[in-house]
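The values are calculated or read from the model by the stated rules, or taken from the named source; none is laboratory data. Computed from a predicted structure; not experimentally measured. Cβ placement follows ideal geometry from the backbone for every residue including glycine, while neighbour counts extend to all protein chains displayed. Quick note on the areas: whole protein, heavy atoms, side chains included, nothing else; ligands and nucleic acids left out. Shrake-Rupley method; radii C 1.70, N 1.55, O 1.52, S 1.80 Å.
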Amino acid sequence: MKKLLLVFVLILTSCAEQKAKKQLAEVSCGQCKFGLESQSGCDLAIKIDDKAYFVDGVHIDDYGDAHDLNTGFCNVIRKAEVVGEIKNNRFFASSLKLVDSE
């Protein structure tokens, strides 16, 4: 019985953890383009499965001027190859590489 309980707990734990995986996603300003309102200012966000999350691990200005009319995240939604995990309703990025042309 103890072994069965231990196996059950291990299965639940492994299913609850979301592993970091490489995926293609939309990235932009959470406030200006994705309508996120839980923070003020302009912060990088990612949209996965039609849900937007603020990003930790990279900054909105790491990819140039966020307010540039043609490439800035406050003005356009861009595509990126990302690796990371969603925890506590935030995306923790271990890498984010833009794949669209500037």
Failed item, numbered, when Lys47 is tested on (1) outside any loop (DSSP other than H, G, I, E, B); (2) over 13 Å from Arg78 (Cβ atoms) | (2)
Pairs with Cβ under 8 Å, 6+ apart, first in the stretch 23-37 and under 11 Å from Leu98 (Cα atoms) and among the hydrophobic types (A, V, I, L, M, F, W, C), second open to solvent by 30 Å² or more (accessible area, probe 1.4 Å) and assigned to a loop (DSSP other than H, G, I, E, B) | Leu24/Val99; Val27/Ile77
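For the stretch 42-100, which positions are open to solvent by less than 80 Å² (accessible area, probe 1.4 Å), polar (S, T, N, Q) and closer than 21 Å to Ala20 by Cα? Working first, answer last.
Of the residues in the stretch 42-100, the ones open to solvent by less than 80 Å² (accessible area, probe 1.4 Å) are 42-48, 52-58, 60, 63-64, 66, 68, 71-78, 80-86, 90-91, 93, 95-96, 98-100.
Subset that is polar (S, T, N, Q): 71, 75, 95.
Passing the criteria: only Ser95.
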Please list, ordered by first then second residue, the pairs with beta carbon atoms under 7 Å, 6 or more apart or interchain, first in the stretch 77-92 and within 19 Å of Cys32 (Cα to Cα) and in contact (Cβ under 8 Å) with a residue 12 or more places away in the chain, second outside any strand (DSSP E or B) and aliphatic (A, V, I, L, M).
-> Lys79/Val99; Ala80/Val99
